[in-house]
1. Surrounded by fewer than 17 Cβ atoms within 10 Å (Cβ to Cβ) and within 10 Å of chain B (Cβ to nearest Cβ): which single residue out of A:ARG33, A:ARG52, A:ARG47 fits that description?
2. From A:ALA306, A:ALA249, grab the single residue that is outside any loop (DSSP other than H, G, I, E, B) and under 29 Å from B:GLY260 (Cα atoms).
3. For segment B:75-84, name all the residues that are within 10 Å of another protein chain (Cβ to nearest Cβ) and open to solvent by less than 30 Å² (accessible area, probe 1.4 Å).
4. Could you tell me which of the residues A:LEU136, A:LEU171 is in the same structural domain as A:ILE248 (by TED's automatic domain parsing), under 25 Å from A:PHE272 (Cβ atoms) and crowded, with 20+ Cβ neighbours inside 10 Å?
5. Hey, can you tell me all the residues within segment B:217-258 that are within 25 Å of the chain's Cα centre (by Cα) and within 14 Å of chain A (Cβ to nearest Cβ)?
6. Can you tell me which condition A:ASP266 does not meet? The list is (1) buried (at least 17 other Cβ atoms within 10 Å of the Cβ); (2) away from every other protein chain (no Cβ under 14 Å), and all the others hold.
Protein chains: 2
Amino acid sequence: MRGKGGRQTIRDLAAMAGVSISTASKALNDTGRMGEETRQRVKRVAREIGFRPNALAQGLLSKRSFTIGLLTNDTYGRFTLPVMAGVSEALVDRGVSVFLCAIEDDPALGQVHVDAMLDKQVDGIIATGKRVDRRLPIDLSDVPVPVVYAFTEGGPDSVSFRSDDAHGATLAVEWLKASGRQRIVHVTGPEDFFSVRERSGAFRAVTGNGATVLFGEWSETWGRDAVDRIWSSPGEKPDALFCGNDQIARGAVDALRERGIRVPEDVAIVGFDNWEIVAAQMRPPLTSVDMDLKELGRQAGLTILALAEGQPVEPGVRTLPCRLVVRQSCGVGSPKTEKRR
Amino acid sequence: MRGKGGRQTIRDLAAMAGVSISTASKALNDTGRMGEETRQRVKRVAREIGFRPNALAQGLLSKRSFTIGLLTNDTYGRFTLPVMAGVSEALVDRGVSVFLCAIEDDPALGQVHVDAMLDKQVDGIIATGKRVDRRLPIDLSDVPVPVVYAFTEGGPDSVSFRSDDAHGATLAVEWLKASGRQRIVHVTGPEDFFSVRERSGAFRAVTGNGATVLFGEWSETWGRDAVDRIWSSPGEKPDALFCGNDQIARGAVDALRERGIRVPEDVAIVGFDNWEIVAAQMRPPLTSVDMDLKELGRQAGLTILALAEGQPVEPGVRTLPCRLVVRQSCGVGSPKTEKRR
DNA sequence: GTCAAATGAGAAAACGTTTTCTCAATGAAA
DNA sequence: TTTCATTGAGAAAACGTTTTCTCATTTGAC
């Protein structure tokens, strides 16, 4: 019935149901006036022939395409994928589809994608990236549709979402303290990252003044180097490491093992990002702070939808709480459940 | 000029250029007949006001939306992301945008996404997955638009693309042999994977009959276990391991190091997938077979476009050659370049 | 000067919807 | 019966393009 060359239009439907096009439309949308029997007949025929309205035609008239764009410069997709999943999940049952545009760091490419999306009359654009304190290489401040920023820096007066990294760090430290650790060291990424400063700030605040923070890069190598540096200097050694991401944690655990130091018995480890593919494969599996990027995506999706519908949305930065995903790198005494705020 | 409420339509453009709508349209599309001066004037005004035609209106008329859908059940995006990048790269400068739909393994969700895309009149759908010998949880055999399968099993008479895993395995083995290795063992994933059989088949063919193949799972743990098993059994030890993926390779390297066996001096390692984030962070960095999924995506994109334009495309499975990405896990004597077929 | 061909440009139809307007038929109140 | 409100349903306009027609004017050949 379907299939063969082009879909059924409302004109076909109207003919089959023996009504006019306008009546057919009104029947389907539960608007207008007509006999109940007529309305049901149209609906029944529609169901039978599998009629689905052409969204292009609807969009032309309604000025709503039920389409949004997700712009990202995060090539690996490590941050973008969860965000995308959240956006999609929030919007799919409202009939909204998502254009994904990976623009690397190329402004020209970005412009091409943005233009293509605007031509297609997207109802809004969500900008996302790989770093919360950097802008995308393209200026979205005067595109003619609403824009929401997620995990990337937005312009002034923009609506943006990011995780509450200070909260994440606090969760980690409190967990370590609660499991009896006294001397916690924070091994993290480059200090010019906003999230590094957020996390280390909270770390210092919660641990007290003296606590050590080591800044480096986002790599396993740095995790190993940091451990080497700590354990080859004199003085008391830490009984816990809070690492700035899961890769650093991985490097640290490897280096500890090589030194014959046991995790979690001698040293407990907490990571950041909860990058499943790393955290869960480690031995022992890594307890890690999850930024809940999917939820962030969900909220960004709902917000862009609200904006598209003309609802007012307060500009500003919204931060979302983190979660601690407990695995075995902090000891087995700990409950295995997740901890939420 | 732009921005304020709604974009300029061709009607505005025509008025500003002092011509009729039809003349404006023909001027922009270099069709129809008119004075050269008129044509240029229209184009100039269009440029000045930044006119861009509404793709919804164009699509309504032309039956082409310049939009395609990418359907995937690969949640991590490990395979989907490179494919997506290739698709997008191939299509963006032809004005085609891509809907990304992650459907997990949920048929109902898949149907919702497919329906939404069809409503939006996508010109075609590319189906992609996480495993070459499994179907998506939804039947695409009678959607009314062209479908191309990439890195997932397509129906009979479908057009599909996958990497030539036998070729990849051959590349790996020949590289190891060329660098003087004699006793190569293949440590790979579960035998019920088509790609495992492809690779191990080629491995056996190239190494000669006696060569050992160990089937297991796709994890670091299995890589470690395999090394333990090999080195704790009696007999001559291998001087090279060809691993079924990069995670297995990683586990193997870790286990070897713990045994004091040097990589690459004592044992050379080649991985599969060239998953940058794993392969490049390892120490030593891992030489790995790259399935060139981006190229696969590019070709899928071009193919779906051809189909959308009504060009005939031969059904069947197309396999694409792999590349060997040489890093340091096979010795430094080897050239540092990539090897292609 | 006549006629055919070429040129320049606009009118109108079409794409598939939704929405507003119109109108005839029905029913009820006087 | 007349009048008026209500009901059911269709006609037409609109959304922003592209394309096909039509037509008046100019050009060129004789």
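1. A:ARG52
2. Working: A:ALA306 fails: under 29 Å from B:GLY260 (Cα atoms).
The conditions single out A:ALA249.
3. Across segment B:75-84, the qualifying residues are B:GLY77, B:THR80, B:MET84.
4. Values: A:LEU136 fails: in the same structural domain as A:ILE248 (by TED's automatic domain parsing).
It is A:LEU171.
5. The answer is B:GLU217, B:TRP218, B:SER219, B:GLU220, B:ASN245, B:ASP246, B:GLN247, B:ILE248, B:ALA249, B:ARG250.
6. (1)
Conditions tested, residue by residue: (1) within 13 Å of DNA strand C (Cβ to nearest atom); (2) assigned to a helix (DSSP H, G or I).
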{"position": "B:ALA15", "(1), (2)": "yes, yes"}
{"position": "B:ALA24", "(1), (2)": "yes, yes"}
{"position": "B:GLY32", "(1), (2)": "yes, no"}
{"position": "B:ARG41", "(1), (2)": "yes, yes"}
{"position": "B:ALA57", "(1), (2)": "yes, yes"}
{"position": "B:GLY77", "(1), (2)": "no, no"}
{"position": "B:LEU81", "(1), (2)": "no, yes"}
{"position": "B:ALA90", "(1), (2)": "no, yes"}
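Table: residues versus (1) assigned by TED's automatic domain parsing to the domain that holds B:GLU198; (2) acidic (Asp, Glu); (3) modelled with pLDDT of 95 or more.
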{"position": "B:ASP228", "(1), (2), (3)": "yes, yes, yes"}
{"position": "B:SER233", "(1), (2), (3)": "yes, no, no"}
{"position": "B:ASN245", "(1), (2), (3)": "yes, no, yes"}
{"position": "B:ILE277", "(1), (2), (3)": "yes, no, no"}
{"position": "B:LEU307", "(1), (2), (3)": "no, no, yes"}
{"position": "B:PRO315", "(1), (2), (3)": "no, no, yes"}
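The values are calculated or read from the model by the stated rules, or taken from the named source; none is laboratory data. Nothing here was measured: the structure is a model prediction, and the numbers come from that model. As a convention, Cβ positions derive from the backbone with ideal geometry for all residues, glycine included, and neighbour counts pool all protein chains shown. What goes into the accessible areas is simple: the full protein's heavy atoms, side chains included, and nothing from ligands, DNA or RNA. Shrake-Rupley method; radii C 1.70, N 1.55, O 1.52, S 1.80 Å.
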